[in-house]
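For reference, the structure is listed below as structure tokens.
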Amino acid sequence: MIPDLNALATFILVVEERSFRAAADRLGVTRSAVSQTIRRLEDAMGVALVQRTTRSVGLTEAGELLHAEIAPSLGNIRAALGTIRHLGAGPRGQLRLVVSSIAEGFLSGPLLVGFAEACPDVQLDVLVSDEEIDIIAHGYDAGVRLGEVIEGDMIALPVSDDQRQLAVCAPSYLAQQGAPTHPRDLATHRCIGWRPAPRAAAFRWEFTEAGRDFVVDVEPEVTTNDMALMIRMAVAGGGITFGLEESFRPWIERGELVPLLEAFSPFFPGFFLYYPSRRNVAPKLRALLDHIRRHRRYRS
């Protein structure tokens, strides 16, 4: 017996949300209706797919296999149907993006405000996250990350100039402690580190010398996932911190932060908007791609 495609789509939503109630909210139906749909799907398949507890929803081995096989195909079907439905019409609907918190230029405002004004029928839903999120599995239209960490099967469009990592500190800290002359000297300085999420490893302090990359194992006195807090502590003289020059630029231009070790900090390709390699790009996403290209041409 071939399962109902709507039941498979409901199953995918339950997996994405890890919750019958959240899936029901997205579908606009009751939790009971979702539960009954999943039970009918399991009956048709002849095997349990979902493990239900009072607090969470998990997958059986069969459920994991089914999800891995059908999620990409259903995503392609949704994209194709969406493209066909909007043929001849302007861009409209919800455009879901997941953006790295350090993509300062993309998130600073003007680009997104300009797009919202140019496409009033598109509703932007932007998740700012530094976790590694599978945009296909979680139903996002596109993401913005550094080019070096984007999967090779994605299409990528540059949204920033080249970037570089810089060590910076406040003039007051520099006056008290002096400037390191080599990245290895950082081991003797107070440092402020960053990590993207509670269980993630702290961001590595990477430098380049004579064409070779190397990492300095600093031991930060403070580590945080909040870039704003990291910058505020550095400005207050709390120590040396490390991150993208773009994130520090307003404070550098005002003289509140001083760049260090610039000779060991080369430029590299910056941020890219990436999306699945599909032939049919939804009009709402196509409109954003065109807007980014115009925005970058105007800035240059």
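Under the condition of being within 18 Å of the chain's Cα centre (by Cα) and acidic (Asp, Glu), which residue from region 211-249 is surrounded by the fewest Cβ atoms within 10 Å (Cβ to Cβ)?
Out of the qualifying residues, it is 226.
If a residue must be touching a residue at least 40 places away in the same chain (Cβ under 8 Å) and in a strand (DSSP E or B), how many such residues does region 211-228 contain?
0
Looking at region 104-141, which of the residues that are over 9 Å from the mean Cα position of the chain (by Cα) and under 17 Å from residue 227 (Cα atoms) is surrounded by the fewest Cβ atoms within 10 Å (Cβ to Cβ)?
Once the filter is applied, the top-ranked residue is 108.
State which residue is modelled with the highest pLDDT when the search covers only region 81-97 and only residues that are open to solvent by 10 Å² or more (accessible area, probe 1.4 Å) and under 20 Å from the mean Cα position of the chain (by Cα).
Here the answer is 96.
Six or more apart or on different chains, Cβ atoms under 8 Å: show the pairs whose first residue is in region 62-79 and closer than 13 Å to residue 41 by Cβ and whose second is open to solvent by 40 Å² or more (accessible area, probe 1.4 Å).
These pairs meet every condition: 62/45; 62/47; 62/48; 63/48; 63/51; 66/45.
Identify, please: which residue in region 192-210 is part of a loop (DSSP other than H, G, I, E, B) and in contact (Cβ under 8 Å) with a residue 40 or more places away in the chain and is, among those, surrounded by the most Cβ atoms within 10 Å (Cβ to Cβ)?
Taking the candidates together, the pick is 203.
Looking at region 250-300 only, could you name the residues that are surrounded by fewer than 17 Cβ atoms within 10 Å (Cβ to Cβ), more than 30 Å from residue 92 (Cβ to Cβ) and touching an Asp or Glu at 6+ places or on another chain (Cβ under 7 Å)?
Of everything in region 250-300, those that are surrounded by fewer than 17 Cβ atoms within 10 Å (Cβ to Cβ), more than 30 Å from residue 92 (Cβ to Cβ) and touching an Asp or Glu at 6+ places or on another chain (Cβ under 7 Å) turn out to be 267, 268, 269.
If residue 130 passes every condition in (1) within 30 Å of residue 18 (Cβ to Cβ); (2) in the same structural domain as residue 236 (by the TED database) but one, which one does it miss?
(2)
For region 164-187, what are the residues that are closer than 18 Å to residue 217 by Cα and touching a Pro at 6+ places or on another chain (Cβ under 8 Å)?
166, 167, 168, 186, listed by residue number.
Where the second residue is aliphatic (A, V, I, L, M) and in a helix (DSSP H, G or I) and the first is within 20 Å of residue 147 (Cα to Cα) and lies in region 271-291, which pairs have Cβ atoms under 8 Å and are six or more apart or on separate chains?
Taking only residues 6 or more apart or on different chains, the pairs are 273/288; 273/289; 273/292; 275/285; 276/79; 278/79; 291/111; 291/118.
Which of the residues belonging to region 230-249 are within 30 Å of residue 95 (Cα to Cα) and not small (Gly, Ala, Ser)?
Listed by number, the residues that qualify are 244, 245, 246, 248, 249.
Read through the list (1) surrounded by 13 or more Cβ atoms within 10 Å (Cβ to Cβ); (2) among the small types (Gly, Ala, Ser); (3) part of a helix (DSSP H, G or I); (4) modelled with pLDDT of 85 or more, then give the number of the only condition that residue 48 fails.
Result: residue 48 fails condition (3) only.
Could you run through region 182-191 and say how many residues are assigned to a loop (DSSP other than H, G, I, E, B) and either open to solvent by 70 Å² or more (accessible area, probe 1.4 Å) or among the hydrophobic types (A, V, I, L, M, F, W, C) (or both)?
The total comes to 1.
So, of the residues in region 51-61 that are open to solvent by 30 Å² or more (accessible area, probe 1.4 Å) and at pLDDT 80 or above, which turns out to be nearest to residue 17 (Cα to Cα)?
51
The values are calculated or read from the model by the stated rules, or taken from the named source; none is laboratory data. Values in this document were obtained by computation on a predicted structure and should not be read as measured data. All Cβ positions, even for glycine, are placed from backbone atoms using ideal geometry, and neighbour counts span all protein chains on display. Accessible surface is based on the protein model in full, side chains and every heavy atom, while ligands, DNA and RNA are left aside. Shrake-Rupley method; radii C 1.70, N 1.55, O 1.52, S 1.80 Å.
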